1. About the Cα centre, and with charges only on the beta carbon of Lys, Arg (+1) and Asp, Glu (-1), how big is the dipole of segment 155-201? Nearest 20 debye, please.
2. Would you please state the base-10 log of I(q)/I(0) at q = 0.21, 0.29, 0.33 1/Å for segment 155-199, with intensities from the Debye formula using one equal scatterer on every alpha carbon?
3. About the Cα centre, and with charges only on the beta carbon of Lys, Arg (+1) and Asp, Glu (-1), how big is the dipole of segment 48-93? Nearest 20 debye, please.
4. Sorted by mean Cβ packing within 10 Å, highest first, what order do the peptides 58-71, 17-30 take?
5. When only alpha-carbon atoms count, how far does segment 12-103 stretch along each of its three principal axes, as whole angstroms with the largest first?
6. Each residue of segment 170-187 in order: what ³J(HN,Hα) in whole Hz does its phi give by Karplus 6.51 cos²θ - 1.76 cosθ + 1.60, θ = phi - 60°, with x for Gly and Pro?
7. Under 30 Å from the Cα of Lys29, which lysines turn up, not counting those fewer than eight places away in the same chain?
8. How high is the relative contact order of segment 12-103, in percent, counting Cα pairs under 8 Å that sit 6 or more residues apart?
Amino acid sequence: MDSYFSTGTISVQAILETSNDEMLVAAAKTGEHLAFSELWNRHSKKTFSTMYRITRNRQDAEDALQDAFLKAYVHLKNFDGRSTFSTWVTRIAINSALMILRRKRAHPEISMDGGAEGETWQHWEVPDRRANTEEHYARSEREHHLKRAIRRLRPALRTIVEIQQVHDTSIKEIAEIAGISVAATKSRLLRARTVLRRSLG
């Protein structure tokens, strides 16, 4: 730490604890590992809470958290400071959590019909084994096309859609997880729904 912080008679830990995130990021970019550890200490608990709200599984939340901070550490030099470190690492973590859920869920798709008062979208039902082959095939094709259309959404829209579809989450909770306003969340969901309808004809 001596290469970045001038300690004098003050302990390194005291300097770390009184430094703002911008200072810690700058120090971490020069290779000061304790600075990044302090960023972890400050933000890991809140980030884990967000991951748990998405995954509703402690192990998945922990995996997403670890993956996010590892990616943040590896790519820290690419962090340009246009957002706060907290916002940046949370975005990485959300993507990690959604990736974990994509791998786990056999049928992650949703319809484009709004739920009560437009608060949620309803999940498509998984075809049961009694369905005839033709119906099953048609539904599988529809799911495939919707899945592909969702992947083609720009990131800001895709993330909101995927957060919503995980547990039929309310708009208010999506906004809290994504760190944006309820109005912005509604706007993005509406734009996403419009794009998906256009893509699917």
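The numbers here are math on the coordinates, done by the rules we state, and not lab data. Remember, it's a predicted structure, so these values are computed and weren't measured experimentally. Virtual Cβ from ideal backbone geometry, glycine too; neighbours counted across all protein chains shown.
1. 340
2. For the requested q values the scattering log ratios are -0.60, -1.07, -1.28.
3. Details: 7 positive and 5 negative charges, 32 e Å.
Charge dipole of segment 48-93: 160 debye, to the nearest 20.
4. Numbers: 58-71: 17.9, 17-30: 15.2.
Descending packing order for the listed peptides: 58-71, 17-30.
5. Per principal axis, max minus min of the Cα coordinates gives 40, 25, 19 Å.
6. 6, 4, 4, 6, 4, 4, 5, 5, 7, x, 10, 6, 4, 4, 5, 5, 4, 4
7. Lys29 reaches Lys45, Lys46, Lys71, Lys77.
8. On the way: 76 pairs, mean separation 27.0, N = 92.
About 29 percent, as a whole number.
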